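Q: Questions regarding the structure given below will be posed in turn.
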Amino acid sequence: MKGKDTPPLRVLAVTPKGDLGGAERWLLAVGDATTRLQLNVVVLEEGPVVEQLESRGWPVWYRPTGRSVSGMWESYRWLGAIITEVAPDVILLNGVKPGLLATPWAKRLKIPMVLVKHGTAFERSLAPLVARASTGCIAVSDSHAVRLPAAKTRVIPPARPASVESRLRETDSGNLVVLMATRLVPNKGVDTAIRSLEIASQWRLLVAGAEDATAPDELSRLQDL
């Protein structure tokens, strides 16, 4: 067991997106939840998550990477310099794309990696390769853990905000309630859920999520619907 005087674990988290989606909020919640981690973060895009990270006083590096071979190569070299400088105890891969860039450096410098799986992207191609190269894996739900090595996988779901719990307690107990926790962007299926209420009228829909700068009109569209 770690003693009180044990120094915090030096973690270099590599996250692919600059927006404030579920994966980014999960990472912020983990950093906020404990003082046992000394968190450094690399973001492979620019975006509002950088400001959130910097406001917490965590060291942050960011640059746009894109999907081109030249962009990936430049970010690979850039990331290697950061890993060498920080010399972390562990690298936290907040998604599959960071694993492609970090794995060769982690192997060369003998740094353990932990893969966090938030979705199904690259599930049958790149994700298994990154998972095998990782020392451990985290899935944010049981369904996301299905294709990960069971012996080294732990499920850590996102925290449920207190505001959501409060609204759930206030909900009329005479109705059934479905809760959707999601960013307010068109491809998340909130509009489908709203239309479904025409059929399942005994249900109530509660949507908990942040507006997204990439879809500034989505909230008003959903409210109109």
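The values are calculated or read from the model by the stated rules, or taken from the named source; none is laboratory data. Quantities reported herein were computed from a predicted structural model and do not represent experimental measurements. FYI the Cβ positions are ideal-geometry reconstructions off the backbone, even for glycines, and counts take in every protein chain you see. Surface accessibility is based on the protein's heavy atoms, side chains included, excluding ligands, DNA and RNA. Shrake-Rupley method; radii C 1.70, N 1.55, O 1.52, S 1.80 Å.
Q: Find the helices (runs of 4 or more DSSP H) located wholly in segment 1-105 whose residues include 1 or more that are among the charged types (D, E, K, R), at pLDDT below 95 and within 15 Å of the chain's Cα centre (by Cα), and list them.
A: Values: elements: 22-33, 48-55, 69-86.
Filter on segment 1-105 gives 22-33.
Q: Could you list, in sequence order, the residues of segment 60-83 that are open to solvent by less than 60 Å² (accessible area, probe 1.4 Å) and in contact with a Leu (Cβ under 8 Å, 6 or more places away or on another chain)?
A: Within segment 60-83, Val60, Thr65, Met72, Ser75, Tyr76, Leu79, Ile82, Ile83 meet the criteria.
Q: Residues Leu44, Leu53, Leu27, Leu12: which one is within 17 Å of Ala210 (Cβ to Cβ), touching a Leu at 6+ places or on another chain (Cβ under 9 Å), touching a residue at least 40 places away in the same chain (Cβ under 8 Å) and open to solvent by less than 40 Å² (accessible area, probe 1.4 Å)?
A: Details: Leu44 fails: within 17 Å of Ala210 (Cβ to Cβ); Leu53 fails: touching a residue at least 40 places away in the same chain (Cβ under 8 Å); Leu12 fails: within 17 Å of Ala210 (Cβ to Cβ).
Selected residue: Leu27, the only one of Leu44, Leu53, Leu27, Leu12 that is within 17 Å of Ala210 (Cβ to Cβ), touching a Leu at 6+ places or on another chain (Cβ under 9 Å), touching a residue at least 40 places away in the same chain (Cβ under 8 Å) and open to solvent by less than 40 Å² (accessible area, probe 1.4 Å).
Q: To continue, here is another question. Scanning for something within 18 Å of Thr15 (Cβ to Cβ), under 20 Å from the mean Cα position of the chain (by Cα) and at pLDDT 80 or above, does segment 167-183 turn up at least one residue?
A: Within segment 167-183, one or more residues are within 18 Å of Thr15 (Cβ to Cβ), under 20 Å from the mean Cα position of the chain (by Cα) and at pLDDT 80 or above.
Q: Go through segment 37-51 and count every residue that is among the polar types (S, T, N, Q) and in contact with a helix residue (DSSP H, G or I) (Cβ under 6 Å, 6 or more places away or on another chain).
A: The first filter runs over segment 37-51 and keeps only residues among the polar types (S, T, N, Q), leaving 38, 40.
Checking the rest, the ones that are also in contact with a helix residue (DSSP H, G or I) (Cβ under 6 Å, 6 or more places away or on another chain) come to 40.
Residues that pass the stated criteria total 1.
Conditions tested, residue by residue: (1) among the charged types (D, E, K, R); (2) closer than 18 Å to Val116 by Cα.
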| site | (1), (2) |
| --- | --- |
| Leu20 | no, yes |
| Trp26 | no, yes |
| Ala29 | no, yes |
| Asp32 | yes, yes |
| Leu37 | no, yes |
| Leu44 | no, yes |
| Pro48 | no, no |
| Arg56 | yes, no |
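Q: Within segment 112-130, which residues are part of a loop (DSSP other than H, G, I, E, B) and surrounded by fewer than 19 Cβ atoms within 10 Å (Cβ to Cβ)?
A: Step one: list which residues in segment 112-130 are part of a loop (DSSP other than H, G, I, E, B), which gives 112, 118-125.
Once the filter is applied, which keeps residues that are part of a loop (DSSP other than H, G, I, E, B) and surrounded by fewer than 19 Cβ atoms within 10 Å (Cβ to Cβ), segment 112-130 yields Pro112, Gly119, Thr120, Ala121, Phe122, Glu123, Arg124, Ser125.
Q: Is there any pair with a first residue in segment 198-221 that is closer than 18 Å to Asp19 by Cβ and a second that is open to solvent by less than 100 Å² (accessible area, probe 1.4 Å) and of a type in the set (S, T, N, Q) whose Cβ atoms are under 6 Å apart and which are 6 or more apart or on different chains, and what are they?
A: Going by the 6 Å Cβ cut-off, the qualifying pairs are Gly209/Thr182.
Q: Inspect all residues belonging to segment 36-58 and state whether any of them is touching an Asp or Glu at 6+ places or on another chain (Cβ under 7 Å), under 30 Å from Asp5 (Cα atoms) and not hydroxyl-bearing (Ser, Thr, Tyr). Lay out the reasoning, then the answer.
A: Residues of segment 36-58 touching an Asp or Glu at 6+ places or on another chain (Cβ under 7 Å): 47-49.
Pick out the ones that are also under 30 Å from Asp5 (Cα atoms) and you get none.
Checking segment 36-58: not a single residue is touching an Asp or Glu at 6+ places or on another chain (Cβ under 7 Å), under 30 Å from Asp5 (Cα atoms) and not hydroxyl-bearing (Ser, Thr, Tyr).
Q: Would you pick out the residues in segment 131-148 that are assigned to a loop (DSSP other than H, G, I, E, B) and of a type in the set (S, T, N, Q)?
A: First, the residues of segment 131-148 that are assigned to a loop (DSSP other than H, G, I, E, B): 134-135, 140-142, 146-148.
Those that are assigned to a loop (DSSP other than H, G, I, E, B) and of a type in the set (S, T, N, Q): Ser134, Thr135, Ser141.
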